[in-house]
């Protein structure tokens, strides 16, 4: 799962990225260069920690999320048009977007207006999507004039997307259209799930009024959280207590990221490894097996399943089996969040 972090110049998006990825102090790209920075973040999950304590495996692997931040020495304030073109290009492959908006005073930009900044950046995405649609419709029209009959409903679907964009609404408001097979290759920016991070100053944790359009929002004190990320666990606990932080930005943003993409985790256990795996909600057992390895999916026979809560309540696998809480499920079983699974297969 990859999420791209966007934001206007001086919004603090790189500060937020550093807080999420526990980075700090890296020099900015030299000479006005713009480069993508990637950070792979383990997903905090107390279920994985408990299972690791139970099985004492050689290896413990949490689920992971990759965040991408497009970084430059001057950001969008140097050459906004060039920067925006690069931003749009790098964001298209992302599964979802995180948009950081400034909600603190800045010596160069003055008072904050997060609602304005959010709308400005979202409008850039709408304009980019409209440009893609218009270009494709022009090509389809030219083919029609040459006598080539259109295949499928692509033209009609694109026209519906254009109507939505013309009404200043992002395409994620019409998922029933954007999810059609004919449009899957377009990677529309405004169709991607969006999480808005409101970047506040150190002493403010309030949420401002925002024009959210089928998006979620969370408040983060970015500078404070980046400093927190550089501390030891003991120091971090004292720091959080002093500033009234009950949960780190990392945990809150990761939870929101999961919610955004409607993901769940299933778990595999054993002496070699305890591991969490990200999958879409309601994925069938045979497809979940393929997330581990294609051979397991190809040779799938049955899935042996026990719910995490049942295993924890009984204390161990043998007790759960004795109480009839371990069951066998077939290919079409919809995997539940927290399912502990062992796949039987033959290839």
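The values are calculated or read from the model by the stated rules, or taken from the named source; none is laboratory data. Please read these numbers as outputs of a predicted model, since none were measured by experiment. In this analysis, Cβ positions are derived from the backbone assuming ideal geometry, glycine residues included, and neighbour counts consider all displayed protein chains.
Here is how the numbers come out for the structure above:
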{"read-out": "Filtered residues of the range 81-117 (kept if closer than 18 Å to residue 257 by Cβ and buried (at least 20 other Cβ atoms within 10 Å of the Cβ))", "value": "91, 94, 97, 98, 99, 100, 101"}
{"read-out": "Checklist (1) in contact with a strand residue (DSSP E or B) (Cβ under 6 Å, 6 or more places away or on another chain); (2) not in a strand (DSSP E or B) applied to residue 237, failing item", "value": "(1)"}
{"read-out": "Residues of the range 173-225 that turn out to be more than 14 Å from residue 248 (Cα to Cα), assigned to a helix (DSSP H, G or I) and in contact with a helix residue (DSSP H, G or I) (Cβ under 8 Å, 6 or more places away or on another chain), as a count", "value": "5"}
{"read-out": "Residue list for the range 270-323, filter: assigned to a helix (DSSP H, G or I) and within 11 Å of residue 335 (Cβ to Cβ)", "value": "285, 286, 287, 288, 289, 291"}
{"read-out": "Answer residue from the range 288-315, given it is touching a helix residue (DSSP H, G or I) at 6+ places or on another chain (Cβ under 7 Å) and more than 14 Å from residue 336 (Cβ to Cβ) and is surrounded by the fewest Cβ atoms within 10 Å (Cβ to Cβ) among those", "value": "312"}
{"read-out": "Any hit, the range 32-51, residues being modelled with pLDDT under 90, under 26 Å from residue 279 (Cα atoms), within 22 Å of the chain's Cα centre (by Cα) and assigned to a loop (DSSP other than H, G, I, E, B)", "value": "yes"}
